[in-house]
There are 2 protein chains.
Amino acid sequence: MNELTIDLNPKDKMPLYEQIYQYIKESIISGRIAYREKLPSTRLLAKHLEVSRSTVELAYGQLLSEGYIESEPYRGFFAAQVEGLYHLVNEKVSHREKEAVKKERYRFDFTPNGVDLKSFPYNAWRKLSKDILMDDKVELFRLGNPQGETGFREAVCKYLYQARGVNCSPEQVIVGAGSDYLLMLLCAVLGREHVVAVENPSYKQAYRLFVSQSYQVLPIEMDGYGMKVSALRDTEADVAYVTPSHQYPTGIVMPMKRRMELLKWADEKEGRYIIEDDYDSEFRYKGKPIPALQGCDRGGRVIYLGTFSKSIAPAIRMSYMVLPVELTDVYLDKCGFISSTVSVVDQLIVQRFVEDGYYERHLNKTRSLYKGRHDLLIKGLAPLSGVCRISGEHAGVHLLLTFNGEVTEDELIKKAKKAGIRVYGLSDYIIGEKKEEPTVLLGYANLSEKEIKDAAEILCSVWRS
Amino acid sequence: MNELTIDLNPKDKMPLYEQIYQYIKESIISGRIAYREKLPSTRLLAKHLEVSRSTVELAYGQLLSEGYIESEPYRGFFAAQVEGLYHLVNEKVSHREKEAVKKERYRFDFTPNGVDLKSFPYNAWRKLSKDILMDDKVELFRLGNPQGETGFREAVCKYLYQARGVNCSPEQVIVGAGSDYLLMLLCAVLGREHVVAVENPSYKQAYRLFVSQSYQVLPIEMDGYGMKVSALRDTEADVAYVTPSHQYPTGIVMPMKRRMELLKWADEKEGRYIIEDDYDSEFRYKGKPIPALQGCDRGGRVIYLGTFSKSIAPAIRMSYMVLPVELTDVYLDKCGFISSTVSVVDQLIVQRFVEDGYYERHLNKTRSLYKGRHDLLIKGLAPLSGVCRISGEHAGVHLLLTFNGEVTEDELIKKAKKAGIRVYGLSDYIIGEKKEEPTVLLGYANLSEKEIKDAAEILCSVWRS
């Protein structure tokens, strides 16, 4: 074959070389150009099509690199065997939105799991992503260290020491794609021969995770200081999962005395561990923070969990776990081969985000934002002071209202719903029998100040009647 | 306070408003400006510093948003309580490289796990990342669907149907950060009451993963067609983990007959499953591919695993698992609450990569590249035809050389090492007693054609003597 008549269109936004490439590729796939058939030389085809020779060379180069044609020295180009090649139909997947699950419509939603995404530093994030991908380093696309990149783990250690009083070296840190994953990994490290205690009411996500990993999970009663260590002692549990800096959902900040009792419990018997989930320690509104339990642990009993998903954005699938030195060896031995779930690129972006000061700014900004909403909500709820009391309001992004008197939780929720407001009952967080006083959770991270003001006014009017 | 004398430097690359912001921030943190102290008005400070008023307003705005100052209507700006604020020391983490673990130096490394990273389409990747982050959509940074985004799962289904003959709907697909993670998740779905059979020799990563999840794992003998179903039947195993399209490490492609026997085994008893790991099905060099086992499964017994980590780049932590419909319900019930380990942004990048045709091009390009290396290696090893035979060469990125005669595997490896070449013994992949003939693995994905030519020449000379 010496000529290929291709109907080139110089006005098409597809470049000429690509038009030639596409035409020949399709001819070979369809069999119009048969296997082993010789293609015209680049010189001849360029002349025939009245394009520059380099245009044809570019097209042939691409066909060659993708295996559609083969070159033979001194003989020219030939159509290749295309049986094994991929021809994916490129038609776009139709993004038929599934019938949006019939969501109940609320005017205001006080979800306790909200994060203000409008304050996400999009520009900084884009800039860092771009900078890092610009590097073009092959290293970026290798499979990284199973535990997480060393530089990133160093940055995490440094941050944890300064912000949370956590004492650790990078060797103790494991980076993973979310806290759920890290808990699964931790279960493999600890082995199945444990009984897990959780706070009651509790963070159901963790509770369900331990159940899914086939553990016996025991809910432990709480008082105003957190998990009752005396109640814990009465069980066979040897692993206690706690949220001492801001208990979820009650908002209790565990005081020093209770922390010491808990550490003492763990020290009393070989193989006991405390899992400290510091999921939203970033947001406190009153006084100095109590440092992490991990910082007071002398016996190597505390496993510390933290996350960037809450403090940067939920879509940033990046959490970290700090193991006691002793468990680090067990991890390396039993699970050290498990590949990292976080890409090197993402780790470098977050590392730069922390090191270049963006994280500090972002934390202070969102804290200030949430504090404004927090103050406004408390002010707006003041008219209810006769019928309920506020608790859990010193940290996090939600507070609790506990009602004294004859009203039930269900009635409270229904009344709010009728007025277009979604609030959350504490009962949903209780494992087993529900015996708490009627209590609702109000999260404020997702609502604007205007919305909080309006919603609080409505709540006051429906709940006081 | 009516004046703040800040030594502004207009030549500094830090903008003026930022210099003002930094000065006041540090003054407040250090206590030089005390809590509740009033700041000069923006008008006065602008006049005093001889800058525009908007410059000062920008600085105050930032201080306000980060909580360093507070504004009071009609009264002005005051230093805020900074006890709870973050002040992270921004000094860069020193990237002291740990003593690079003393790696044995080889001139050529025939690792069977290599991927050619030079052919990674950096430009396309950067462009897609940029496009997607440009969208600025708050949606991108929400926590996505635990199973993976619907659009992405649709794209995966479509690709799997076209390229691998896998029949599934998006509801059956679960996206996760790597195959190790998906296997962990699968273990939670299946529960602990199973006995797992693996091929022997085997992909040790999967073997170790099942062990880490506390399963009894039984190695099953193979013949030239893959796992012996008769041997499998003699055990109590009810889950079989296999790599039928290219057994790792022997490279055996399981023929249709054996596949049918395996499916029959699974169908015979309730609760039996086959895990089909199609880890490198993308690279075949001869004839048409045999479609995935999953495509022939009528009884809903096959769990299909695939990954973009091998076909795009190891750092792309993105794999997928296709569950039988029946198990999909179990997954939703037991593990549907577990958050996704892959960010929405990354899923959208890969989705566009597939839909816009980049993936097809990349696959054909790397396949062509690997085929070139594959052909060259086989040609280069021809002089050894008297002392060994080649197998496993029809797919994947490695082949095996089995030696007949008196030489041991160790001797082969040592001779190569002496000549600066790293090859891999089959024994490392065998669980239990080693009784195979002396066999070495040669992976060629990571070596250039020149390197392959040179290394093959050396190997021929040292192994023939």
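Looking at this structure, is B:Gln205 surrounded by fewer than 20 Cβ atoms within 10 Å (Cβ to Cβ) and modelled with pLDDT under 95?
Considered against the rule, which asks whether it is surrounded by fewer than 20 Cβ atoms within 10 Å (Cβ to Cβ) and modelled with pLDDT under 95, B:Gln205 comes out as yes.
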Q.
Being modelled with pLDDT under 95 and under 21 Å from the mean Cα position of the chain (by Cα) is the requirement here; does A:Phe210 meet it?
A. no
The residue from B:Glu104, B:Glu83, B:Glu70 that alone is open to solvent by 70 Å² or more (accessible area, probe 1.4 Å), at pLDDT 80 or above and either closer than 30 Å to A:Pro170 by Cα or facing chain A (nearest Cβ under 10 Å) (or both) is B:Glu70
Over region A:418-465, the set of residues β-branched (Val, Ile, Thr) and not in a strand (DSSP E or B) is A:Val423, A:Ile430, A:Ile431, A:Ile452, A:Ile458, A:Val462
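Could you pull out the residue among A:Tyr161, A:Tyr181 that is in a helix (DSSP H, G or I), facing chain B (nearest Cβ under 8 Å), out of contact with any Phe, Trp or Tyr (no Cβ under 6 Å at 6 or more places or on another chain) and of a type in the set (Phe, Trp, Tyr)? Break it down stepwise before answering.
On the way: A:Tyr161 fails: facing chain B (nearest Cβ under 8 Å).
That would be A:Tyr181, the only listed residue that is in a helix (DSSP H, G or I), facing chain B (nearest Cβ under 8 Å), out of contact with any Phe, Trp or Tyr (no Cβ under 6 Å at 6 or more places or on another chain) and of a type in the set (Phe, Trp, Tyr).
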Per the list (1) at pLDDT below 90; (2) farther than 27 Å from A:Lys453 by Cα, residue check on A:Lys365 breaks on (2)
**OP:** Confirm whether A:Ile338 is out of contact with any Leu (no Cβ under 6 Å at 6 or more places or on another chain), closer than 30 Å to A:Tyr122 by Cα, crowded, with 22+ Cβ neighbours inside 10 Å and of a type in the set (Val, Ile, Thr).
**Re:** no
Of the residues in region B:257-270 that are within 22 Å of B:Pro201 (Cα to Cα) and either out of contact with any helix residue (DSSP H, G or I) (no Cβ under 8 Å at 6 or more places or on another chain) or within 14 Å of another protein chain (Cβ to nearest Cβ) (or both), the one that is most open to solvent (accessible area, probe 1.4 Å) is B:Lys257
Evaluate the following for A:Leu376: is it out of contact with any strand residue (DSSP E or B) (no Cβ under 6 Å at 6 or more places or on another chain) and surrounded by 15 or more Cβ atoms within 10 Å (Cβ to Cβ)? yes
All conditions in (1) under 17 Å from A:Asp346 (Cβ atoms); (2) open to solvent by less than 10 Å² (accessible area, probe 1.4 Å) are true of A:Val166 except (1)
Here the residues within region B:390-410 that are touching a residue at least 24 places away in the same chain (Cβ under 8 Å), out of contact with any Ser or Thr (no Cβ under 6 Å at 6 or more places or on another chain) and open to solvent by 10 Å² or more (accessible area, probe 1.4 Å) are B:Ser391, B:Glu393, B:His394, B:Asn404, B:Val407, B:Thr408
* Would you call B:Val173 buried (at least 18 other Cβ atoms within 10 Å of the Cβ), more than 11 Å from every other protein chain (Cβ to nearest Cβ) and at pLDDT 95 or above? -> yes
Among the residues of region A:48-57, are any in a loop (DSSP other than H, G, I, E, B) and of a type in the set (A, V, I, L, M)?
yes
Within region A:115-125, of all residues that are at pLDDT below 85 and part of a helix (DSSP H, G or I), the one nearest to B:Glu139 (Cα to Cα) is A:Leu117
The correct count of residues that are open to solvent by 50 Å² or more (accessible area, probe 1.4 Å) and either outside any loop (DSSP other than H, G, I, E, B) or of a type in the set (Lys, Arg) (or both) in region B:208-222 is 5
TODO: Confirm whether B:Val195 is modelled with pLDDT of 95 or more, of a type outside the set (Lys, Arg) and surrounded by fewer than 20 Cβ atoms within 10 Å (Cβ to Cβ).
DONE: yes
> If we scan region B:281-298, do we find a residue that is within 16 Å of the chain's Cα centre (by Cα) and more than 23 Å from B:Phe210 (Cβ to Cβ)?
Replying inline: yes
Result of the Cβ filter at 9 Å on region A:279-302, keeping first residues that are at positive phi and partners that are surrounded by fewer than 18 Cβ atoms within 10 Å (Cβ to Cβ) and modelled with pLDDT of 90 or more, at least 6 apart or interchain, is A:Gly300/A:Val325; A:Gly300/A:Glu326
Next on the checklist: One residue is enough: does region A:234-246 have a residue meeting the conditions within 16 Å of A:His394 (Cβ to Cβ) and open to solvent by 10 Å² or more (accessible area, probe 1.4 Å)?
Outcome noted: yes
Restrict the check to region B:271-278 and report whether at least one residue is in contact (Cβ under 8 Å) with a residue 40 or more places away in the chain, within 14 Å of chain A (Cβ to nearest Cβ) and farther than 18 Å from B:Val253 by Cα.
no
Could we say that B:Asp346 is open to solvent by 10 Å² or more (accessible area, probe 1.4 Å) and not small (Gly, Ala, Ser) here?
yes
Listed by range, helices (runs of 4 or more DSSP H) wholly within region A:305-400 having at least 3 residues that are more than 9 Å from chain B (Cβ to nearest Cβ) and farther than 24 Å from A:Leu442 by Cβ are A:325-335, A:344-355
Filter region A:117-158 for residues that are more than 7 Å from chain B (Cβ to nearest Cβ) and basic (Lys, Arg); the one that is least open to solvent (accessible area, probe 1.4 Å) is A:Arg153
Restricting attention to region A:441-452, does a residue exist that is open to solvent by 10 Å² or more (accessible area, probe 1.4 Å) and on the phi > 0 side of the Ramachandran plot? no
| message | Regarding region A:226-233, can at least one residue be identified that is under 15 Å from A:Tyr429 (Cβ atoms) and either in contact (Cβ under 8 Å) with a residue 12 or more places away in the chain or not in a loop (DSSP other than H, G, I, E, B) (or both)? | response | yes
Cβ pairs under 6 Å, 6+ apart or interchain, first in region B:364-378 and farther than 18 Å from B:Asn113 by Cβ, second of a type in the set (Val, Ile, Thr) and open to solvent by less than 20 Å² (accessible area, probe 1.4 Å), ordered by first then second residue, are B:Leu376/B:Ile452
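The values are calculated or read from the model by the stated rules, or taken from the named source; none is laboratory data. Every value quoted in this text rests on a predicted model; they were computed, and no experiment measured them. Counting neighbours? That spans all protein chains shown, and the Cβs are built from the backbone with ideal geometry, glycine included. Only protein heavy atoms, including side chains, enter the accessible area calculation; ligands, DNA and RNA are left aside. Shrake-Rupley method; radii C 1.70, N 1.55, O 1.52, S 1.80 Å.
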